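Asker: One structure coming up, written as structure tokens, with questions to follow.
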Amino acid sequence: KRYVRKGVPLEHRARVWMALSGAQAQMDQNPGYYHRLLQGERNPRLEDAIRTDLNRTFPDNVKFRKTTEPCLQETLYNVLLAYGHHNQAVGYCQGMNFIAGYLILITNNEEESFWLLDALVGRILPDYYTPAMLGLKTDQEVLGELVRAKLPAVGALMEQLGVLWTLVVSRWFICLFVDVLPVETVLRIWDCLFNEGSKIIFRVALTLIKQHQEFILEATSIPDICDKFKQITKGSFVMECHTFMQKIFSEPGSLSMATVAKLRESCRARLLAQG
């Protein structure tokens, strides 16, 4: 755990993520499965949904440009298509393109990217990408509860202004901080995500909010607070990924998976009751 928290060297990242997440074991147990998925029955709606998002995925990254040979857009299309066939309850959902794109850049391997995506969407992030997005909505509420307990002044301001958490943090959760925080910081967060599970997302979110608490508390309106939440993901604090990673394990204080599970249960029940 300590070794992973200090950051996995780039050249070992794919191997380490595959091992930690259980993706390697799944791939070994299902030889040929990925390629069979690509040859499965066509689903025009799924194909169109994926194609629509291809050009929006890392438009500034030269490897994803149509003019590049080989262009990673095709690889990305295959990984997302295979996943849509594999997990029909999810199909394809916006945000998965960014996650799969990062996996492809790190692994350089289509099949490994598919199995890592499966580990994230199927196991590590419970129910984030299904049509109702209940897991995602639940976790945003869980963050709200954690902020109320650990940073009550921010919790009170959010309540006073009537700001829904989904307004300010949904992108953090859906994209797992891709295109939100700097690349190296995101990769360090993912090292821990694959090893320690989804509570890491709460640690990162709480640290960002705690570090900029004074700044957030200056907000006087909903647009103002939305703007401040965008600004706190930029600047030297998040660029210094080594210090940042140390902070996410010290600043929020104790946060066990049991606490998260308990909060998830009560928030989920509340959301279901609201219909």
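The values are calculated or read from the model by the stated rules, or taken from the named source; none is laboratory data. This is a predicted model, so every value here is computed, not measured. Virtual Cβ from ideal backbone geometry, glycine too; neighbours counted across all protein chains shown. We work out accessible area using only protein heavy atoms, side chains counted, and drop any ligands, DNA or RNA first. Shrake-Rupley method; radii C 1.70, N 1.55, O 1.52, S 1.80 Å.
One line per residue, one yes/no per condition, for (1) open to solvent by 10 Å² or more (accessible area, probe 1.4 Å); (2) of a type in the set (G, A, S); (3) free of Cβ contacts under 8 Å to residues at least 24 places away in the same chain; (4) under 23 Å from R45 (Cβ atoms):
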{"position": "L76", "(1), (2), (3), (4)": "no, no, no, yes"}
{"position": "L81", "(1), (2), (3), (4)": "yes, no, no, yes"}
{"position": "Q94", "(1), (2), (3), (4)": "yes, no, no, yes"}
{"position": "L105", "(1), (2), (3), (4)": "yes, no, no, no"}
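Asker: Would you check which residues across segment 214-245 are in a helix (DSSP H, G or I), touching a Leu at 6+ places or on another chain (Cβ under 7 Å) and closer than 30 Å to P9 by Cα and list them?
Answerer: V238, the sole residue that qualifies.
Asker: Turning to a different aspect of this structure: Could you check, for segment 64-72, whether at least one of its residues is part of a helix (DSSP H, G or I) and open to solvent by 40 Å² or more (accessible area, probe 1.4 Å)?
Answerer: Here is the first cut: in segment 64-72, the ones part of a helix (DSSP H, G or I) are 64, 72.
The next check asks that each one be open to solvent by 40 Å² or more (accessible area, probe 1.4 Å); those that pass are none.
There is no residue in segment 64-72 that is part of a helix (DSSP H, G or I) and open to solvent by 40 Å² or more (accessible area, probe 1.4 Å).
Asker: Within segment 192-235, which residues are among the basic types (K, R) and closer than 18 Å to R264 by Cα?
Answerer: Residues of segment 192-235 that are among the basic types (K, R), as a first pass: 199, 203, 210, 228, 230, 234.
Passing the criteria: K199, R203.
Asker: A further question on this structure: Check segment 242-249 and report whether any residue there is in contact with an Asp or Glu (Cβ under 8 Å, 6 or more places away or on another chain), open to solvent by less than 10 Å² (accessible area, probe 1.4 Å) and at pLDDT 95 or above.
Answerer: First, the residues of segment 242-249 that are in contact with an Asp or Glu (Cβ under 8 Å, 6 or more places away or on another chain): none.
No, segment 242-249 contains no residue that is in contact with an Asp or Glu (Cβ under 8 Å, 6 or more places away or on another chain), open to solvent by less than 10 Å² (accessible area, probe 1.4 Å) and at pLDDT 95 or above.
Asker: Here's something else I'd like to know. Only one of (1) within 20 Å of L255 (Cβ to Cβ); (2) assigned to a helix (DSSP H, G or I) fails for F177. Which number is that?
Answerer: That leaves (2) as the condition not met.
Asker: Moving to a separate point now. Which members of segment 257-270 meet the condition of being surrounded by 15 or more Cβ atoms within 10 Å (Cβ to Cβ) and closer than 17 Å to A132 by Cβ? Step through it out loud before you land on a result.
Answerer: Just the residues of segment 257-270 that are surrounded by 15 or more Cβ atoms within 10 Å (Cβ to Cβ), to begin with: 259-260, 263-264, 267-268.
Residues satisfying the conditions are R264, C267, R268.
Asker: Filter segment 32-59 down to the residues that are part of a loop (DSSP other than H, G, I, E, B) and under 20 Å from F98 (Cα atoms) and list them by number. Steps first, please.
Answerer: Keep residues of segment 32-59 that are part of a loop (DSSP other than H, G, I, E, B), which gives 32, 39-43, 55-59.
Once the filter is applied, which keeps residues that are part of a loop (DSSP other than H, G, I, E, B) and under 20 Å from F98 (Cα atoms), segment 32-59 yields N55, R56, T57, F58, P59.
Asker: Can I ask one more? Please tell me if G235 is over 22 Å from the mean Cα position of the chain (by Cα) and either within 14 Å of L143 (Cβ to Cβ) or modelled with pLDDT under 95 (or both).
Answerer: Considered against the rule, which asks whether it is over 22 Å from the mean Cα position of the chain (by Cα) and either within 14 Å of L143 (Cβ to Cβ) or modelled with pLDDT under 95 (or both), G235 comes out as no.
Asker: If I ask for residues that are touching a Lys or Arg at 6+ places or on another chain (Cβ under 9 Å), surrounded by fewer than 19 Cβ atoms within 10 Å (Cβ to Cβ) and among the hydrophobic types (A, V, I, L, M, F, W, C), which ones from segment 124-150 would you list?
Answerer: L134, the sole residue that qualifies.
Asker: Just to be sure I understand, how many residues within segment 1-55 are open to solvent by 30 Å² or more (accessible area, probe 1.4 Å) and among the acidic types (D, E)?
Answerer: Going through segment 1-55 one residue at a time, the tally reaches 4.
Asker: Scan segment 117-172 for residues that are acidic (D, E) and either more than 27 Å from G22 (Cβ to Cβ) or at pLDDT 95 or above (or both) and jot them down. Please lay out each step first, then the result.
Answerer: The first filter runs over segment 117-172 and keeps only residues acidic (D, E), leaving 118, 127, 139, 141, 145, 159.
Of everything in segment 117-172, those that are acidic (D, E) and either more than 27 Å from G22 (Cβ to Cβ) or at pLDDT 95 or above (or both) turn out to be D118, D139, E141, E145, E159.
Asker: Looking at (1) surrounded by 21 or more Cβ atoms within 10 Å (Cβ to Cβ); (2) touching a Pro at 6+ places or on another chain (Cβ under 8 Å), which one does F194 not meet, given that it meets all the others?
Answerer: The single condition F194 does not satisfy is (2).
Asker: In segment 154-191, what residues are open to solvent by 20 Å² or more (accessible area, probe 1.4 Å), touching a Cys at 6+ places or on another chain (Cβ under 7 Å) and within 21 Å of K137 (Cβ to Cβ)?
Answerer: L167
Asker: So which residues in segment 100-141 are among the aliphatic types (A, V, I, L, M) and under 13 Å from the mean Cα position of the chain (by Cα), if there are any at all?
Answerer: Start the filter on segment 100-141 by keeping residues that are among the aliphatic types (A, V, I, L, M), which leaves 100, 103-106, 116-117, 119-121, 124-125, 132-134, 136.
Within segment 100-141, A100, L103, L116, L117, A119, L120, V121, I124, L125, L136 meet the criteria.
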